[in-house]
Every structure is written in structure tokens, then in C-alpha cells.
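The values are calculated or read from the model by the stated rules, or taken from the named source; none is laboratory data. Note that the structure is a prediction, hence the values are computed from the model and not measured. Ideal geometry is used to build each Cβ from the backbone, glycine not excepted, and the neighbour counts take in all protein chains shown.
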Amino acid sequence: MAAAAHESEFSPTHGAARVERTFAFIDLSGFTALTDQAGDTEAVSVLACFRATVRQVSSERAVRVAKWLGDGAMLVSVTREPLVEAIIDMHHIIEDTCGGLPLRAGLAAGPVILFEGDDYIGSVVNLAARLCDLAGAGHVIAPAEIVTPAMVDILVEPVGSITVRGFEAPVDVVRLDRLPGRVAALEP
């Protein structure tokens with residue numbers, strides 16, 4: 001009897017559940033060069049502004065900062081729309097108020113393994129990270145299927161199919177932004 005209880009503690013699903021989530025990885029483009037050229041004081045000031053903006057916008061959009069990555073972050077949401085809107089707002093606010101550095105972002109949505117209540121495992125997380133790496137300065141990119149009819153204030157620009165390292169099939173990608181005239185929740 002004790003052996004059966006012991007075996008279940010180490011079963012493949014112990015501490016894990018399959019969930020649907022949306023992820024974004026964001027990064028300040030040019031932060032390393034800024035640090036080298038302007039020095040530590042300016043870099044810390046820009047980073048503090050970046051993180052304060054990410055925290056505020058995330059909190060207003062019901063998005064969670066899963067982890068900080070130096071001058072970047074991984075964010076997660078249970079639904080797509082709030083995270084897409086949050087990232088686009090962050091993109092504009094940070095560029096306008098945090099030293100002029102553009103944000104780049106990659107997003108993806110789908111099923112992942114939620115492990116031990118606070119870690120996410122799966123190709124969706126990897127795709128969001130890799131898209132962030134591929135995004136140009138000031139660009140927010142995502143697989144085309146992330147777009148939903150509820151995203152009425154979002155400008156969607158097709159980019160085309162791209163090869164993403166670690167993924168067998170090309171990914172149909174779109175660039176996301178806010179429609180002209182739309183104001184971010186926290187405009188400066």
C-alpha cells in the first residue's frame with residue numbers, strides 16, 4: 001500500500017496540469033548600447049521606468065509578469081485580448097516615457113503545461129520567446145491565429161510565413177499595433 005502511494009507522488013502528472021494561456025516576451029531594444037554609452041545611472045533610470053510601466057499596465061489589464069529578464073520580461077494571461085492590448089500599450093508608453101528605447105515583443109497562445117503552479121512548459125512559450133528574438137525594434141509580432149474578433153482596436157498587418165528556430169513548420173506571422181487614434185490606458 002505504501003509503495004502505491006509513493007509511486008503516485010512521482011507520476012508524470014504530479015504537480016502539472018494542461019492549461020490554455022497567452023504569453024508575451026518583451027525586450028528593450030538598444031538597452032545594452034544605452035548602458036555602454038550613457039552609463040549605469042541612466043540605464044537604471046530607464047530600467048526603473050520600464051518595469052514601473054510594465055507593472056502598472058499589467059495590473060490594469062489583468063496580466064501577470066511571470067518573470068523579469070533584465071531589460072525584458074515574460075508575461076502571461078488566461079485570455080489573448082488583455083495581453084495583446086497590454087503589450088501594445090506598453091510599447092507606446094515605454095518608448096514615449098522611458099528614454100526613447102523601442103520595445104520589441106513576441107506573443108503566442110495555446111495549451112501548455114502549468115508545472116507546480118508557477119512554471120509553464122511547452123512550445124507556445126518557446127514560440128513567444130523566439131518571436132521576440134525575431135521582432136525588430138518597435139515591433140510586436142505573433143502567429144496570425146492569436147487575433148480574435150474581440151480585438152477591435154488592434155491593427156493587424158500580415159508579415160507572412162517565417163521560419164522559427166526549433167519549429168518544423170513555418171509560422172504565419174502578423175505585426176500588431178494600435179489603430180490610429182486609439183489612446184493607451186496610461187498615456188504620458
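Among the criteria (1) over 30 Å from ILE162 (Cα atoms); (2) out of contact with any Pro (no Cβ under 7 Å at 6 or more places or on another chain), the one ALA62 does not fulfil is (2). Just one of the listed residues (LEU107, LEU101) is crowded, with 18+ Cβ neighbours inside 10 Å and farther than 24 Å from GLU20 by Cβ, and it is LEU101.
Within segment 139-152, the residues that satisfy the criterion of being surrounded by 14 or more Cβ atoms within 10 Å (Cβ to Cβ), assigned to a loop (DSSP other than H, G, I, E, B) and either at pLDDT below 95 or hydrophobic (A, V, I, L, M, F, W, C) (or both) are VAL147, MET151. Scanning segment 110-138 for residues that are of a type outside the set (Gly, Ala, Ser), loosely packed, with under 15 Cβ neighbours inside 10 Å and either in contact with an Asp or Glu (Cβ under 9 Å, 6 or more places away or on another chain) or within 15 Å of VAL159 (Cα to Cα) (or both) yields PRO111, ASP133. Filtering ASP177, ASP89, ASP96, ASP133 for residues that are part of a strand (DSSP E or B) and of a type outside the set (A, V, I, L, M) leaves a single hit, ASP177. Residues in segment 100-125 that are closer than 26 Å to GLY136 by Cβ and assigned to a strand (DSSP E or B): LEU103, ARG104, ALA105, GLY106, LEU107, ALA108, ALA109, GLY110, TYR120.
This table checks each residue for (1) at pLDDT 95 or above; (2) closer than 12 Å to LEU103 by Cβ; (3) among the basic types (Lys, Arg).
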residue	(1), (2), (3)
PHE23	yes, no, no
ILE26	yes, yes, no
GLY30	no, yes, no
ALA48	yes, no, no
ALA52	yes, no, no
ARG55	yes, no, yes
SER58	yes, no, no
ARG64	yes, no, yes
GLY70	no, no, no
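Would a scan of segment 158-173 turn up a residue that is in contact with a helix residue (DSSP H, G or I) (Cβ under 6 Å, 6 or more places away or on another chain), touching a residue at least 12 places away in the same chain (Cβ under 8 Å), crowded, with 16+ Cβ neighbours inside 10 Å and assigned to a strand (DSSP E or B)? No, segment 158-173 has no match at all.
Among all residue pairs at least 6 apart or on different chains, which show Cβ distances below 8 Å where the first residue, located in segment 89-102, is in contact (Cβ under 8 Å) with a residue 60 or more places away in the chain and the second is outside any helix (DSSP H, G or I) and of a type in the set (Ser, Thr, Tyr)? From segment 89-102, the pairs are LEU101/SER29; PRO102/SER29.
Of the residues making up segment 56-73, those that are under 11 Å from the mean Cα position of the chain (by Cα) and among the aliphatic types (A, V, I, L, M) number 4. Scanning segment 27-51 for residues that are among the small types (Gly, Ala, Ser), closer than 25 Å to LEU131 by Cβ and part of a helix (DSSP H, G or I) yields one hit, ALA33. Restricting the first member to segment 113-134 and to residues that are within 17 Å of SER161 (Cβ to Cβ), and the second to residues that are surrounded by fewer than 17 Cβ atoms within 10 Å (Cβ to Cβ) and of a type in the set (Lys, Arg), the beta-carbon pairs closer than 7 Å and six or more apart or on different chains are ARG130/ARG165. Count, please, the residues in segment 52-80 that happen to be under 21 Å from LEU127 (Cβ atoms) and either in a strand (DSSP E or B) or of a type in the set (S, T, N, Q) (or both). Of the residues in that region, 13 qualify.
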